[in-house]
Amino acid sequence: MKITILGWNDKYQLRYELDRYEQMFKFDMDNYSIDEVKSLGEEMSEGVLLRFVDMRAQLNSKPK
């Protein structure tokens, strides 16, 4: 899983990518420091990974 933090439009974008799936969370720069976003990114990573697994299962359960 790739984790990226970008600064854009006065917000930090915390982006998780795995295969063709993506999840992104936005944090106001006025309320969070880059170090806080990094720490949150680490804390949230397990839950995000579980959501990726659920996303893949949901997609694969659709009839083709």
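No lab work stands behind these numbers, since they all come straight from the coordinates. Everything numeric in this text was worked out from a predicted model, so none of it was measured.
Structure values in brief
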{"read-out": "Normalised alpha carbon radius of gyration of the chain [divisor 2.2 N^0.38 Å]", "value": "1.28"}
{"read-out": "Interchain or long-range residues, amide H under 5 Å from LYS11's placed H", "value": "MET29"}
{"read-out": "Over the stretch 2-60, relative contact order from alpha-carbon pairs under 8 Å, at least 6 apart, %", "value": "26 percent"}
